[in-house]
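What follows is a set of notes on a single structure, which appears directly below.
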């Protein structure tokens, strides 16, 4: 008689996840695991869908969706959960002549003027040119605009002799006729004879 003939145990099936609300763990009625996400007609699904079918279905793997790559979902699977598409940026209208579609343009920041205009070094002409100080006119050294020689106060625009191209009319806020005083001439001290010195004797 045969001895120790046994029936091998039936292997336990791989347990399914208990949480079927998670679309990642959804199965078909044939026990196949659904593949998520999949894309159909421009929508990306993370669940089963009943689009174009009489029952909810899902993809069985990556790739093209057709009759052989889908399966009917179990009734407990969620349906039509999609990932919203990324919104496209609103295009600018091409017709900017319409004021409703008006846009700003970047502007260059002008060079700021010094706030202390009382300083003659920061004086400007009416044309916006920076005055050049000091300058010499008729023997006087000016550190401000000058009123001598013209109806309106003026200044030079660059180093050199004032002439028809090297001057401009000053703004009203500029100081006028501030002149450097001439350097004082050194005072010569009188020569005081040394009382201890003897006058040189002249030959008789």
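Computed from the coordinates by the stated procedures, all read-outs in this text should not be read as laboratory data. Model, not experiment: these values are computed from the prediction. Glycine also receives a Cβ, built like all others from the backbone with ideal geometry; neighbour counts cover every protein chain displayed.
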Checklist entry - Could you give the length gained on full extension between residue 44 and residue 122, defined as 0.36 nm per residue of separation minus the Cα-Cα distance, in nm? => result 21.4 nm
Checklist outcome for this item: Rounded to 0.05, the calculated FRET efficiency for the beta carbons of residue 29 and residue 83 at R₀ = 22 Å is 0.30
Item to check | Using a Förster distance of 25 Å, the FRET efficiency for residue 76-residue 51 (Cβ separation, nearest 0.05) | outcome: 0.85
Next on the checklist: What does the extension gain come out to for residue 138 and residue 68, with contour length at 0.36 nm per residue minus their alpha carbon separation?
Outcome noted: 14.8 nm
Checklist entry - How would you order 160-166, 143-149 from highest to lowest mean count of nearby Cβ atoms within 10 Å? => result 143-149, 160-166
